[in-house]
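**Q** Submitted below is the structure of interest, expressed as structure tokens.
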Amino acid sequence: MTMRRVGLVAWHVFKESVRDRVLYGIGAFALLLVAGSVLIGQITAGQDVKIIKDLGLATIEIAGALMTIFIGVGLVSREIDRRSIYSLLAKPLPRWEFIVGKYLGLVLTIAVNLWAMAAALYVVLAWYGWTSPENIRLSWTAPAVDPRLLWVVTMITAEMALLTAVALVFSTFSSSALLSVVFTIGVFVSGLASADLRHFGDIVDVNPAVATFVSAIGWALPAFSEFDIKSQIVHGMPVSLGLIGSMIGYAVIYAASLLGLSVALFARREFK
Amino acid sequence: MATAVSTDRLTKDFTTGFWRPRPHRGLDGLTFEIPAGGVFGLLGPNGAGKSTTLKLLLNLLRPTSGTASVFGLPPGDINAHRRLGFLPEHPTFYDYLTGQELVTYFAGLFGYSPSDCRARATAALDRVGLAGDRTRPIRQYSKGMVQRVGIAQALVNDPELVIFDEPMSGLDPIGRRDVRQLILELRDEGRTVLFSSHILADAELLCSRVGILAKGKLVASGTLADLTSTAGRGWEVVAASVSDALVERLRPRVAKITPIGDGRYSFDLGPTEAPEPLIADLAAAGASLVSAAPLRTTLEDVFMERVR
């Protein structure tokens with residue numbers, strides 16, 4: 001019964017998101033950029049397919065982050081703003097099931113969109129590979145339709161699942177959507193720089209106490225930078241499956257911890 | 001008789017102010033009981049604590065002190081929530097869903113099978129008069145239709161206890177009449193209806209028992225009959241074609257004379273006076289009787305007296 005209710009809430013989030021104009025706006029923007037990468041690729045002699053892959057994957061990641069942040073911060077706060085939360089919580093729906101359902105629903109929405117954009121990128125790459133002369137194709141370090149791109153998309157999906165959990169924490173306790181957006185973007189950007197923060201003392205000559213403090217923040221923040229394997233894959237370099245597996249495990253554990261925090265915050269919340 | 005809802009010294013403090021938070025008592029030691037079956041009206045002016053009470057019963061708010069129970073279970077207990085339906089004040093729902101989709105979704109949270117959910121949603125929407133608008137998106141609904149869909153979602157689980165927060169709010173006269181009729185039907189089906197309102201006329205028509213809140217305190221509670229006694233307040237006699245001389249002659253015998261206009265007067269008799277001699281005298285002096293009615297304490301009288 002619990003799983004069924006969680007599934008219902010999740011399915012409802014998915015349904016709400018696919019009817020949301022924001023999603024279509026970001027999706028259209030992303031598809032446009034993926035298609036536009038072909039034009040950009042054509043003006044960079046010899047590097048065209050790499051540019052298409054690079055731009056395409058970066059677009060998928062950015063579009064995924066935008067969707068996650070802008071839909072994620074409203075996941076709970078919108079229910080409170082429009083007072084639908086009163087009717088929902090009057091049903092036999094424990095609060096933790098509501099939070100978990102919301103989370104899974106948005107992860108499903110984001111994953112479907114990321115993989116749809118990846119499919120669009122593959123179509124563009126397939127067309128480009130098909131229309132390129134053989135001598136050009138032979139100069140590529142990786143084929144145009146490289147199945148290893150799927151690992152990048154898998155990593156982006158894991159990264160966005162973690163970012164969804166961050167957005168949900170802010171959505172659960174903040175009463176301002178704008179502040180939630182700012183905080184979530186702040187954590188995302190800091191997380192992208194987390195590797196530098198962890199080694200702050202090595203990069204910048206500062207007081208050891210400050211270096212330790214900044215390094216601790218670097219370790220505490222979600223390590224979004226570690227999910228980035230785009231350049232290795234695009235340049236045909238090896239990426240260990242162990243790294244991918246461990247980053248997925250990291251995302252699951254970190255997201256589960258944040259989900260626990262959201263559940264705890266939401267359990268204490270009152271609705272005036 | 002079983003108890004549907006009870007509270008014991010239920011108190012809720014809020015804090016107001018950002019820089020210097022100050023406590024504000026929203027509900028102060030509320031103790032009452034609602035027996036199962038019948039309609040209970042929680043009345044009071046705006047800010048009296050009606051919605052706070054309902055939210056405490058549903059665990060949307062947590063008490064500062066005191067306790068509450070629904071079907072003997074603490075607020076928030078899933079087993080209590082299976083047996084109740086709630087309509088919040090000024091409800092708004094997911095406007096991209098149709099009425100049918102919304103109520104089906106809410107029905108699913110009770111664990112019914114998908115086909116049962118659809119059937120229940122259809123029946124609930126039919127019941128509130130939205131049969132023809134089930135498949136329209138809620139964003140196209142009028143305020144009254146949203147209120148109706150809110151009532152439908154509250155009834156989708158066939159609840160034993162129905163809690164309505166200001167159910168008449170935003171409804172036109174026809175909508176209000178329909179909701180009144182629905183509440184009476186729910187009562188006749190043996191359900192308990194608890195509703196908050198500041199519209200006393202509705203409460204007087206519907207409630208078997210009422211509680212009146214003012215500034216967070218319960219200032220009156222009981223059956224409507226107890227609170228609005230007809231005994232001991234005298235009579236009001238209205239007559240037409242009453243001459244000024246007759247008015248002066250009758251003045252010593254009546255408690256109060258109120259001119260209505262065009263020779264019409266209202267005569268209030270005290271609790272010890274019978275109306276018949278006055279009616280006879282009026283007739284003998286050529287005046288015509290318009291009406292004679294016992295003076296009763298209305299819910300409004302009780303409300304105004306206790307709330308002020």
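The values are calculated or read from the model by the stated rules, or taken from the named source; none is laboratory data. Just so you know, these numbers come straight off a predicted model, no measurement behind them. Counting neighbours? That spans all protein chains shown, and the Cβs are built from the backbone with ideal geometry, glycine included.
**Q** Here are the criteria: (1) of a type outside the set (Ser, Thr, Tyr); (2) in contact with a strand residue (DSSP E or B) (Cβ under 6 Å, 6 or more places away or on another chain); (3) within 21 Å of B:ARG296 (Cβ to Cβ); (4) free of Cβ contacts under 8 Å to residues at least 24 places away in the same chain. Tell me which single one B:GLU276 does not satisfy.
**A** Condition (2) is where B:GLU276 drops out.
**Q** Turning to a different aspect of this structure: Could you grab me the full set of residues in region B:202-223 that are touching a residue at least 60 places away in the same chain (Cβ under 8 Å) and either among the small types (Gly, Ala, Ser) or not assigned by TED's automatic domain parsing to the domain that holds B:PHE40 (or both)?
**A** Across region B:202-223, the qualifying residues are B:ALA203, B:SER208, B:GLY211, B:ALA214, B:GLY216, B:ALA220, B:SER221.
**Q** Please work out if A:TYR86 is part of a helix (DSSP H, G or I), more than 10 Å from every other protein chain (Cβ to nearest Cβ) and touching a residue at least 12 places away in the same chain (Cβ under 8 Å).
**A** No, not satisfied.
**Q** Can you name every residue in region B:78-100 that is more than 8 Å from chain A (Cβ to nearest Cβ) and free of Cβ contacts under 8 Å to residues at least 12 places away in the same chain?
**A** B:ALA80, the sole residue that qualifies.
**Q** Based on this model, can you work out whether A:SER37 counts as modelled with pLDDT under 85, crowded, with 21+ Cβ neighbours inside 10 Å and either within 10 Å of chain B (Cβ to nearest Cβ) or touching a helix residue (DSSP H, G or I) at 6+ places or on another chain (Cβ under 7 Å) (or both)? It would help to see each step written out before you state the result.
**A** Details: modelled with pLDDT under 85: yes; crowded, with 21+ Cβ neighbours inside 10 Å: yes; either within 10 Å of chain B (Cβ to nearest Cβ) or touching a helix residue (DSSP H, G or I) at 6+ places or on another chain (Cβ under 7 Å) (or both): yes.
For A:SER37, the condition - modelled with pLDDT under 85, crowded, with 21+ Cβ neighbours inside 10 Å and either within 10 Å of chain B (Cβ to nearest Cβ) or touching a helix residue (DSSP H, G or I) at 6+ places or on another chain (Cβ under 7 Å) (or both) - is met.
**Q** Report yes if some residue within region A:95-110 is outside any helix (DSSP H, G or I) and in contact with a Lys or Arg (Cβ under 7 Å, 6 or more places away or on another chain); otherwise report no.
**A** Within region A:95-110 (the criterion being outside any helix (DSSP H, G or I) and in contact with a Lys or Arg (Cβ under 7 Å, 6 or more places away or on another chain)), the answer is no, since none of the residues qualifies.
**Q** Can you pull out the residues in region A:80-120 that are within 30 Å of A:PHE29 (Cβ to Cβ), surrounded by fewer than 24 Cβ atoms within 10 Å (Cβ to Cβ) and hydroxyl-bearing (Ser, Thr, Tyr)?
**A** Once the filter is applied, which keeps residues that are within 30 Å of A:PHE29 (Cβ to Cβ), surrounded by fewer than 24 Cβ atoms within 10 Å (Cβ to Cβ) and hydroxyl-bearing (Ser, Thr, Tyr), region A:80-120 yields only A:SER84.
**Q** Consider B:THR98 carefully, then state whether it is under 19 Å from A:TYR86 (Cβ atoms) and hydroxyl-bearing (Ser, Thr, Tyr). Walk me through it before giving the result.
**A** Details: under 19 Å from A:TYR86 (Cβ atoms): no; hydroxyl-bearing (Ser, Thr, Tyr): yes.
Judged against the criteria, B:THR98 is not a match.
**Q** What number of residues within region B:32-77 satisfy the criterion of being within 14 Å of chain A (Cβ to nearest Cβ), not in a strand (DSSP E or B) and not aromatic (Phe, Trp, Tyr)?
**A** The number of residues fulfilling the criteria is 21.
**Q** Among the candidates B:ARG139, B:ARG148, which residue alone is surrounded by fewer than 21 Cβ atoms within 10 Å (Cβ to Cβ) and in a helix (DSSP H, G or I)? Give the steps one after another, and end with the answer.
**A** Working: B:ARG148 fails: surrounded by fewer than 21 Cβ atoms within 10 Å (Cβ to Cβ).
Testing whether each residue is surrounded by fewer than 21 Cβ atoms within 10 Å (Cβ to Cβ) and in a helix (DSSP H, G or I) leaves just B:ARG139.
**Q** Go through region B:214-239 and report how many residues are in contact with a helix residue (DSSP H, G or I) (Cβ under 6 Å, 6 or more places away or on another chain) and aliphatic (A, V, I, L, M).
**A** So the answer is 6.
**Q** May I pose another question? Considering only residues that are in contact with a Leu (Cβ under 8 Å, 6 or more places away or on another chain) and either more than 7 Å from every other protein chain (Cβ to nearest Cβ) or under 11 Å from B:VAL149 (Cα atoms) (or both), which ones fall in region B:101-113?
**A** Listed by number, the list holds a single entry, B:VAL103.
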